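Novice: Attaching a single structure in structure tokens format; questions to follow.
The values are calculated or read from the model by the stated rules, or taken from the named source; none is laboratory data. None of these values were measured; they are calculated from a predicted model. Cβ placement follows ideal geometry from the backbone for every residue including glycine, while neighbour counts extend to all protein chains displayed.
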Amino acid sequence: MTRKLQAIRGMNDLLAGQLPYWQRVEAAARELFADYGYREMRVPLVEHAELFHRSIGEHTDIVEKEMYSFEDRGGDRLSLRPEATAGLVRAAIEHGLLHNQRQRVWTSGPMFRHERPQQGRYRQFHQIDCEAFGYPGPDIDAEIIQISARLWRKLGIRDVALSVNSLGTPESRARYRAVLVDYLAGRRPELDADSLRRLEANPLRILDSKNPAMRSLIDGAPRLIDHLDDGSRRHFDRFLELLAACGIDAEVDPRLVRGLDYYTRTVFEWRTTALGSQDAVCSGGRYDGLVELLGGEPTPAVGWALGVERVVSLLQAAAPDTAAAAPAVYLVLSGENAERAGLALAERLRDALPGAGILANMEGGSFKAQLKRADRSGAAYAVIVGDDEAARGVAAVKSLRDGAAQQECSWNELPHRLQSLLRPGESTGSNDGR
């Protein structure tokens, strides 16, 4: 028996009715990045697996458990990208974008992790990434958070809150690591299996445990923020001042460590209580050592990644009436001559009203059936052309959303008439010689 073909578990189809929410998020982000001077880059979905082993860290869940990796026909070990930052850094180094230069860039697209699918967590998921290279100060940290805060306002999303922390430099973190290991080793019987595995390899990740049984142990652990070096402390304090000056509220969370090894100093998360356990919708921080780690010159860097699926869920809750874009005009074409003229007339209207949405009836049908299709399409107006109207070069304009009287006009006049109805105050400029 032939197996029924379905999408791979955790890799979802995006249907036409869902995409308006996605398009709204993507368009808002694109506009904001242009406003702040960030330029778009695009990097491959597939990279050498070594890139992620070196950048993300050998002992992270992503590398140990979640990457889609395979050997290609040439014998190279490759991986579907689990995140975008490493690829952007690799591209910036490879193409010489960081030689005596600063860069503000962004990218977007699908990422892949073999996780257990659940609400807000998928095996193919989509991110929008914002990154800045070459800026060492806390002002750029505040700016990229400004961008995300403005995005929430632009989308009408209110149910998010910002948490921040500092991880310090690798040197201060190494000193803190020794203090933390002493504490955790003294309470070894209370550690779960994942924490025991991480105790020697990556003990800071234990602080990020979601196991409720570990909560009291984690709450009692030494705080990294109390072991910062002086430079990191000044950087963090100034960062908090800048956020406050921008009117952005932030809670300092000393347990926020992030899941990737490359972070230094500032880390942050925008969280929500509206999506259950998947509470992080936008996360990031500073990664000053990553460019050098991947073979470039020492370069300060900071960025964030936004989970599009989670933001779409928040947007749907905030704006449930967002619907698929309906055409403005539906052409009802009754008769062979009307059908023959209809496609050309529709093209004239699209030239005069770009972006409005002009839908021409297809496959015939009675006049009554076509009017029903026009109404179901969501169009504001029907343009009606029968064989008689086609012979006279006229059309009837019928409002589908109110009781306005039907109007007849010539084909030459039709674009201007529709424009006056759809976009009052604008002119097509097609007939007045301007």
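Novice: Inside region 234-263, can you point out the residues that are modelled with pLDDT of 90 or more and closer than 19 Å to Leu180 by Cα?
Specialist: Scanning region 234-263 gives a single hit, Asp253.
Novice: Test of understanding: among Ala201, Ala213, Ala221, which residue is modelled with pLDDT under 85, more than 25 Å from the chain's Cα centre (by Cα) and over 20 Å from Val160 (Cβ atoms)? Write out each step before concluding.
Specialist: Details: Ala213 fails: modelled with pLDDT under 85; Ala221 fails: modelled with pLDDT under 85.
That would be Ala201, the only listed residue that is modelled with pLDDT under 85, more than 25 Å from the chain's Cα centre (by Cα) and over 20 Å from Val160 (Cβ atoms).
Novice: Turning to a different aspect of this structure: Report the residue count in region 16-39 for those that are of a type in the set (A, V, I, L, M) and surrounded by fewer than 16 Cβ atoms within 10 Å (Cβ to Cβ).
Specialist: Going through region 16-39, the residues of a type in the set (A, V, I, L, M) turn out to be 16, 19, 25, 27-29, 32, 34.
Then keep just the ones that are surrounded by fewer than 16 Cβ atoms within 10 Å (Cβ to Cβ); that gives 16, 19, 27, 34.
Number satisfying all stated conditions: 4.
Novice: In the list Leu353, Leu306, Leu314, which residue meets the criterion of being in contact with a strand residue (DSSP E or B) (Cβ under 9 Å, 6 or more places away or on another chain), at pLDDT 95 or above and crowded, with 18+ Cβ neighbours inside 10 Å? Before the answer, list the steps.
Specialist: On the way: Leu353 fails: at pLDDT 95 or above; Leu314 fails: at pLDDT 95 or above.
Just a single option satisfies the conditions, and that option is Leu306.
Novice: Could you please let me know if Gly96 is assigned to a loop (DSSP other than H, G, I, E, B) and not aliphatic (A, V, I, L, M)?
Specialist: yes
Novice: Go through the residues of region 249-263 one by one and say whether even a single one is part of a loop (DSSP other than H, G, I, E, B) and farther than 26 Å from Leu184 by Cα.
Specialist: Yes: one or more hits.
Novice: While we're here: Here are some residues: Arg150, Arg158. Which one is at pLDDT below 95, touching a helix residue (DSSP H, G or I) at 6+ places or on another chain (Cβ under 8 Å) and of a type outside the set (Val, Ile, Thr)?
Specialist: Only one candidate qualifies: Arg158.
Novice: Okay, next question. Does region 167-185 contain at least one residue that is surrounded by fewer than 19 Cβ atoms within 10 Å (Cβ to Cβ), under 19 Å from Thr264 (Cβ atoms) and touching an Asp or Glu at 6+ places or on another chain (Cβ under 8 Å)? Outline the logic, then answer.
Specialist: Quick first cut of region 167-185, residues surrounded by fewer than 19 Cβ atoms within 10 Å (Cβ to Cβ) only: 169-171, 174-175, 177-179, 181-183, 185.
If we keep only those that are under 19 Å from Thr264 (Cβ atoms) as well, we get 169-171, 174-175, 177-179.
In the following step, the residues that additionally are touching an Asp or Glu at 6+ places or on another chain (Cβ under 8 Å) were identified as 169, 171.
Yes: region 167-185 contains one or more residues that are surrounded by fewer than 19 Cβ atoms within 10 Å (Cβ to Cβ), under 19 Å from Thr264 (Cβ atoms) and touching an Asp or Glu at 6+ places or on another chain (Cβ under 8 Å).
Novice: While we're here: List the helices (runs of 4 or more DSSP H) that sit entirely inside region 140-247 and contain at least 3 residues that are outside the structural domain of Gly289 (by TED's automatic domain parsing) and basic (Lys, Arg).
Specialist: Correct list: 170-185.
Novice: Conditions: (1) at pLDDT 95 or above; (2) among the polar types (S, T, N, Q); (3) surrounded by fewer than 17 Cβ atoms within 10 Å (Cβ to Cβ). Gln118 meets all but one. Number of the miss?
Specialist: Gln118 satisfies every listed condition except (1).
Novice: Further question on the same structure: Please work out if Leu315 is assigned to a helix (DSSP H, G or I) and within 29 Å of Ser209 (Cα to Cα).
Specialist: yes
Novice: Do any strands (runs of 3 or more DSSP E) entirely within region 326-430 hold 2 or more residues that are among the polar types (S, T, N, Q), and if so, which?
Specialist: On the way: elements: 329-334, 358-360, 381-386, 394-399, 407-410.
Here the list reads 407-410.
Novice: Of all residues in region 79-96, which are aliphatic (A, V, I, L, M) and surrounded by fewer than 18 Cβ atoms within 10 Å (Cβ to Cβ)?
Specialist: Initial filter on region 79-96 (aliphatic (A, V, I, L, M)): 80, 84, 86, 88-89, 91-93.
Selection gives Ala91 alone.
Novice: Out of the residues in region 349-367 meeting the condition of being free of Cβ contacts under 8 Å to residues at least 40 places away in the same chain and among the aliphatic types (A, V, I, L, M), tell me which one is farthest from Leu333 (Cα to Cα).
Specialist: Ile358
Novice: Please find, among Arg187, Arg123, Arg197, Arg102, the residue that is touching a strand residue (DSSP E or B) at 6+ places or on another chain (Cβ under 7 Å) and free of Cβ contacts under 8 Å to residues at least 40 places away in the same chain.
Specialist: Working: Arg187 fails: touching a strand residue (DSSP E or B) at 6+ places or on another chain (Cβ under 7 Å); Arg123 fails: free of Cβ contacts under 8 Å to residues at least 40 places away in the same chain; Arg197 fails: touching a strand residue (DSSP E or B) at 6+ places or on another chain (Cβ under 7 Å).
The match here is Arg102.
Novice: Quick one: which of Ser79, Ser108 is assigned to a strand (DSSP E or B), among the polar types (S, T, N, Q), more than 17 Å from His53 (Cβ to Cβ) and in contact (Cβ under 8 Å) with a residue 24 or more places away in the chain?
Specialist: Matching residue, one of Ser79, Ser108: Ser108.
Novice: Still on this model: Considering only residues that are without any contact (Cβ under 8 Å) to a residue 60 or more places away in the chain and under 17 Å from Ser148 (Cβ atoms), which ones fall in region 268-295? Quick ask: steps written out before the conclusion?
Specialist: Step one: of region 268-295, the residues without any contact (Cβ under 8 Å) to a residue 60 or more places away in the chain are 279-280, 283, 292.
Result: Asp279, Ala280, Ser283.
Novice: Pick from region 40-66 the residues that are at pLDDT below 95 and not in a helix (DSSP H, G or I): which of them is surrounded by the fewest Cβ atoms within 10 Å (Cβ to Cβ)?
Specialist: Result: Glu58.
Novice: So which residues in region 113-128 are closer than 18 Å to Arg42 by Cα and not in a strand (DSSP E or B), if there are any at all?
Specialist: If the condition is that a residue be closer than 18 Å to Arg42 by Cα and not in a strand (DSSP E or B), then no residue fits.
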